[in-house]
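*Asks:* Encoded as structure tokens, here's the structure I'll be asking about.
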Amino acid sequence: MQDVEVLGHGAIFVLLISFVLVIALMAGLLWFGWWVSKKKGSMSPYSKVPMLLGTDVVPSIRRYVNDFLLSHPQPENSPIEFDTASICSETGRIFPNSVFRGMFVKLDWTFLQKGHPGNYVSWGSLSELEQATIKLCHDSLAGYQTEDSSPNSRPQAIDSHYATLKPGPLYVDRLSRVLLGWKEVPGTEFEVLIFQRPIHDSVDDTL
């Protein structure tokens, strides 16, 4: 009789241990799923969706994108190293130097100053006179978003309407009149950030 009781207690103990192990395994799987979902790191600053990895872009498209950058001859528009770049899955905007060890994306609004130092404001926050003045100081603004731009001066204060327009926002350093804005790479879904210095220091130089 005692042997039966011992066996019964043993069976209950084994059952409880099995139950605890199953619960622990399920909790571990849930945690692992959460960890994997966060593994890529930062979301897109524009669309708030997970980023894609530039390493997945095929070599032919990489060359095409970089040829487009090189067609803008200023040295700030250097070719992208796709293995360390991330891409907004909704807008197709490519962010260089934003993927780190372990395929982890680290990206925030400092991407503007990190690549091209300046005190940038949204094109749409400028008065019509200031916009006209800046246009005169540049050879061309072709390809930049000048038609529909956020009236908020701070780039990070952009709302969803302006954030997802194609091409993406244009920013201006009011002091230097330098432009920094997104342009579409022809024939692709991608956009790249193009830096452009003025060819004239003032309107007087254009006369």
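*Asks:* May I have the pair-distance distribution P(r) for the stretch 73-140, computed from all Cα-Cα distances with 5 Å bins from 0 and rounded to whole percent?
*Replies:* Calculated over all Cα pairs of the stretch 73-140, the distribution is 3, 13, 16, 21, 18, 13, 9, 4, 2, 0 percent.
*Asks:* Can you tell me the Rg and the Dmax, both Å, for the Cα atoms in the stretch 51-206?
*Replies:* In order Rg, Dmax, the Cα atoms of the stretch 51-206 give 15.6, 53 Å.
*Asks:* Given 48/135; 114/183; 114/166; 135/183, which pairs have Cα atoms separated by over 21 Å? Could you put the intermediate results ahead of the total?
*Replies:* Numbers: 48/135 32 Å; 114/183 19 Å; 114/166 23 Å; 135/183 17 Å.
Beyond 21 Å: 48/135; 114/166.
*Asks:* Between residue 176 and residue 81, how high is the FRET efficiency from 1/(1 + (r/R0)^6) when r is the Cβ-Cβ distance and R₀ = 22 Å? Nearest 0.05.
*Replies:* Values: r = 27 Å, r/R0 = 1.22.
About 0.25, to the nearest 0.05.
*Asks:* Something else about it: For residue 89 and residue 48 in the same chain, what is the full-extension length gain: residue separation times 0.36 nm, less their Cα-Cα distance, in nm? Walk me through the numbers before you get to the answer.
*Replies:* Values: separation 41, 0.36 × 41 = 14.76 nm, distance 0.97 nm.
Full-extension gain reported as 13.8 nm.
Each value in this text was obtained by applying a stated rule to the coordinates, not by laboratory testing. Since the structure is predicted, the reported quantities are computational estimates derived from the model, not experimental observations. Backbone-built Cβ (ideal geometry, glycine too); neighbour counts: all protein chains shown.
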